[in-house]
1. Keeping every protein chain in place, order Asp8, Asp99 by accessible area at 1.4 Å, biggest value first, i.e. largest first.
2. With label points built 7 Å along Cα→Cβ from the Cα atoms of Glu31 and Asn115, find their separation and express it in nm.
3. Listed highest first by mean packing, meaning other Cβ atoms within 10 Å per residue, what order do 105-111, 125-131 come in?
4. Residue by residue through segment 128-134, what is 3J(HN,Hα) from phi via Karplus (6.51 cos²θ - 1.76 cosθ + 1.60, θ = phi - 60°)? Round to whole Hz and write x for glycine and proline.
5. Just subtract the alpha-carbon distance of Lys85 and Ala139 from 0.36 nm times their residue separation and send over the number in nm, one decimal.
Amino acid sequence: MGVDCPKDATERDGRCIFHSEIEGKDPARFEQALDGVGRTGEARWTGWVIPISCDFREATFTQDTDFRGAPFTQDASFSGAIFAKDADFRRATFTHGADFSAAQFTQDAGFRGANFTQDAEFSEATFAQHADFSEATFARRVGFSEATFTRSPELPTMPRESTNARLNGS
């Protein structure tokens, strides 16, 4: 996988439970392990294979957040979350709904090459710095209604109804 991980290899494929690509890994064990890590403010989750719904509604990420290449295999909600530092979702895959409505990105937000196979919601989100959605794919509806971009975002070609966003707070 190419990810340097300090966690113990506990799975049959020689990886920790977070990076293991074994299909059907125990969601309860994953969630229990996540409780031990997620509450400590760890924000570098590069390459994690996430088999559970992720509920980060109204969470505050105080350090750089790194979900590069992470496959979210269930719903992922970051609604109302605050990203105080850079948020990196490059090449992440969202196979169920992705909700970033009313999220606040105070630094750079990277979604370059991310893949959204179901609905993606960014309505009322605020992007205070660079927002990069270049090369992202949206297989279904994506909502940017009332989203605010302080700087012009890099967006892929999207359906017409998805582009109702305010630039520079206008």
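The values are calculated or read from the model by the stated rules, or taken from the named source; none is laboratory data. Nothing here was measured: the structure is a model prediction, and the numbers come from that model. Don't worry about glycine lacking a Cβ; one is built from the backbone with ideal geometry, like all the others, and counts go over all protein chains shown. What goes into the accessible areas is simple: the full protein's heavy atoms, side chains included, and nothing from ligands, DNA or RNA. Shrake-Rupley method; radii C 1.70, N 1.55, O 1.52, S 1.80 Å.
1. From most accessible down to least: Asp8, Asp99.
2. Inter-label distance under the simple model: 2.7 nm.
3. Working: 105-111: 22.6, 125-131: 20.6.
Descending mean neighbour count gives 105-111, 125-131.
4. Listing the rounded values in order: 7, 10, 5, 10, 10, 10, 4 Hz.
5. 16.6 nm
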